[in-house]
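Below you'll find the structure, written out as structure tokens, and then a few comments.
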Amino acid sequence: MKQYYIAGNWKMHRTIAESVELAKELVAKLEGSSSKIMIAPAFTSLAAVATVLKGSNVLLGAQNMGPEEQGAHTGEISPAMLKDAGVSVVILGHSERRHSYLETDELINKKLLLALKHGLEPILCVGETLAEREGGNLESVVRTQVVEGLKGVAETELAKVIIAYEPVWAIGTGKTATPEDADAVHAYIRRVLKELYSEKSAVAMTIQYGGSVKPENAAELMAKANIDGALVGGASLKAESFVPIVNFYK
Ligand code: PGA
């Protein structure tokens, strides 16, 4: 079995004490899991959660990162700051960043290149809105986000990048793409990667699906050939729902 990569995006939830408590519970319950696992708490909880995760099989991720090394950038967090807090993975271009905070492909690409430069593993999120899908623009939207997001990434560096396909209409709505629909878009992303790089790199890419992943639908999504993991929002906030998703194969 391939190694699946299950990540939890805690979004703007949980105080430091609550984050530590949840992280402790996850570390205890996920020990020995064969999945690659990451959790991304809020910035304020990162350092405290890093202490809990030390020596465990759970990686620490951030939900965003600034596009600069350092300097006069009020409100931003640099890659060095994230690493200092114990972070090794960073989610970039999440649809909430794209749509609520108007992040462009160009900005996301700048962050991605900076993350790679600093040895952080970027998870590049892509996905179409319902209007884009219904207007027949799914492929062109996803293609643009992949091509522009990866601009300047050499093939040797591509192996450090993860892609998460998250249809915007499925995020936090309870509506999941059918496993067939999700798999088809993942296959399309591989075709784009093959054009940009090579068949080998396209096949090797880890592509997570995100959007209302729950214990009830995780196994059927993961069963699809092109789905290599999940980026989980709501269901990652409780051990009782996140643990069975990580261990969907059991
Ligand atoms: P959801 O969020 O699982 O709550 O739909 C997924 C995400 O935004 O990463």
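Coordinate-derived values only; no laboratory data. Not measured: the values here are computed from a predicted model. Quick reminder, even Gly has a Cβ in these numbers, built from the backbone with ideal geometry, and neighbours come from all protein chains shown.
Would you mind ranking 197, 249, 101 so that the residue whose beta carbon has the fewest other beta carbons within 10 Å leads the list?
Details: 197 17, 249 13, 101 10.
Ascending Cβ contact count within 10 Å gives the list 101, 249, 197.
So if I restrict to the alpha-carbon atoms in the range 164-250, what is the Rg, and what is Dmax, the biggest pairwise distance, in Å?
13.1, 41
Give the long-range amide H neighbours of residue 210: residues separated by 5 or more places, or on another chain, with amide H under 5 Å away, using H modelled in the peptide plane at 1.01 Å from N.
The answer is 165, 166, 231.
In sequence order, what are the phi-derived ³J(HN,Hα) couplings for the range 87-97 according to the Karplus relation 6.51 cos²θ - 1.76 cosθ + 1.60 with θ = phi - 60°, rounded to whole Hz, with x for glycine and proline?
Along the range 87-97, the couplings run 7, 10, 10, 9, 7, 10, x, 4, 4, 5, 6 Hz.
For the chain, what relative contact order do you get, as a whole percent, if you take Cα pairs closer than 8 Å and at least 6 residues apart?
Averaging sequence separation for qualifying contacts and normalising by length gives 20 percent for the chain.
Enumerate by residue number the GluC sites (Glu not before Pro) in the range 1-76 meeting two conditions: DSSP loop (anything except H, G, I, E, B), and at most 10 other Cβ atoms within 10 Å of the site's Cβ.
Those that pass, being in a loop and sparsely packed, are 31.
If you wrap the chain's Cα atoms in a convex hull and average its projection over all directions, what's the area in nm²?
If I average the Cα hull's projected area over directions, I get 12.5 nm².
Run the simple label-point estimate for residue 219 and residue 238 please: 7 Å along Cα→C-beta, distance reported in nm.
2.0 nm
Counting Lys and Arg as +1 and Asp and Glu as -1, each charge on the Cβ, what is the dipole of the chain about the Cα centre in debye, to the nearest 20?
Details: 26 positive and 30 negative charges, 104 e Å.
It works out to roughly 500 debye.
Among 123, 91, which comes first, then next, by fewest other beta-carbon atoms within 10 Å?
91, 123
Can you list the lysines whose alpha carbon is less than 27 Å from that of residue 194, not counting same-chain residues fewer than 8 positions off?
Result set, ordered by chain and number: 2, 36, 110, 111, 117, 151, 160, 224.
Given only helices, namely DSSP H runs of n ≥ 4 each adding -39500 (n - 2.57), what is the per-residue ellipticity at 222 nm of the chain, to the nearest 500 deg cm²/dmol?
One gets -12500 deg cm²/dmol as the mean residue ellipticity at 222 nm.
If you look at just the Cα atoms of the range 65-179, how large are its Rg and its Dmax in Å?
14.8, 45
Separation of the range 32-101 and the range 199-214 by C-alpha centroid, Å?
20 Å
Taking neighbour Cβ counts within 10 Å as the exposure measure, how do 118, 99 sort from fewest upward? Kindly include the intermediate steps, with their values, before the conclusion.
Values: 118 15, 99 12.
Listed from fewest to most nearby Cβ atoms, that is 99, 118.
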